[in-house]
Amino acid sequence: MGRAKEIVVKVIPAKVAVQFVKANHYSGKVKQNSSLHFGCFLDGKLHGVMSYGTSNDKSKMLGLVEKTNWNDYLELNRMAFDDYLPKNSESRCIAISIRLIKKNAPHIKWILSFSDGTQCGDGSIYRASGFVLTQINKSFNLAVKPNGQVDHKIKYEGNPISTGYFSVTGGKNNWKLYCEKMGWKILQGFQLRYIYLIDKTCKITVPILPFSKIDEMGAGM
């Protein structure tokens, strides 16, 4: 474990987390529904952020674990670390953050997270942290603009008026058409869904997939 044992994990203000995520996350963007932010400190300086919050479509996620009430789970929806932290830092920081959630928010029964197998990775950090794999889907949600910037479709479908989405598509909810009209290239990849049960008495209602399925489907990175 080495120096990873020296990392201090604690709650930090949103404005500090947002600044760090924008500077260090591959997307350069924050999730607006993040509400709980943990900072990872080594040698007295911030070198990692984990942001938890609600899901984009929470009603569809509740059924993943039996008898889940509206506020019984959190989504780990942003992780950003710089290169200063040593090996195994990410899994250790996740474990500490989950212990802090268990201690200070005992109503939280499980954690959900998604891995972007298009740009970021296939979730090796989650697997090392004790999460189970529950879904591998092909993803066409990201598109690259001519200037090289990558955006997620939710930014446009979620704000069709302000982004002019419908004016481009003629009122249709059609991401492929929008990208064609804008001259953007859709990136093809995978999205992997992981679950961690804080309350071990809870029951996951969907199939748990073997990690070997990632390579079988060509979803590894």
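Its relative contact order, with pairs defined as Cα atoms under 8 Å and 6+ residues apart, puts the range 78-177 at 13 percent.
Using 0.36 nm per residue and subtracting the Cα-Cα separation, the extra length available between ILE204 and MET182 on full extension is 3.8 nm.
Per residue, how much accessible area does the range 9-74 show when a 1.4 Å probe rolls over the protein heavy atoms, in square angstrom? The answer is 51 Å² per residue. Taking a span of 18 Å or more along the helix axis (Cα atoms) and a mean Kyte-Doolittle hydropathy of at least -0.5 as the rule, the DSSP H helices of the chain that qualify are 89-104. So which of LYS58/LYS181; LYS5/LYS29; LYS29/LYS145; LYS22/LYS153; LYS31/LYS58; LYS138/LYS185 end up more than 21 Å apart by C-alpha? Where the Cα-Cα span goes over 21 Å, the pairs concerned are LYS58/LYS181; LYS5/LYS29.
The heavy atoms of GLU66 offer some 90 square angstrom of accessible surface to a 1.4 angstrom probe.
Each of ASN159 and ASP215 was given a label point 7 Å from its Cα along the Cα-to-Cβ line. The distance between the two points is 4.2 nm. Put the Cα centre of the range 121-139 next to the Cα centre of the range 152-217 and the gap is 15 Å. Contact order for the chain, expressed relative to its length and based on alpha carbon pairs under 8 Å spaced 6+ residues apart, stands at 21 percent. For the range 88-109, the residues whose backbone nitrogen is under 20 Å from a point 7 Å from the Cα of TRP70, taken along Cα to Cβ, are 105-109.
Solvent exposure of the range 140-204 amounts to 58 Å² per residue of accessible area, where only protein heavy atoms count and the probe is 1.4 Å. Stretching the chain fully between SER124 and ALA23 yields a gain of 34.1 nm (0.36 nm per residue, less the alpha carbon separation).
Computed over protein heavy atoms with a 1.4 Å probe, the carbon and sulfur contribution to the accessible area of the chain reaches 52%.
The values are calculated or read from the model by the stated rules, or taken from the named source; none is laboratory data. Just so we're clear, the structure is a prediction, and the values are computed from it rather than from any experiment. Note that we place each Cβ from the backbone using ideal geometry, even for glycine, and neighbour counts take in every protein chain shown. Please note that ligands, DNA and RNA were not included when accessible areas were found on the heavy atoms of the full protein model with its side chains. Shrake-Rupley method; radii C 1.70, N 1.55, O 1.52, S 1.80 Å.
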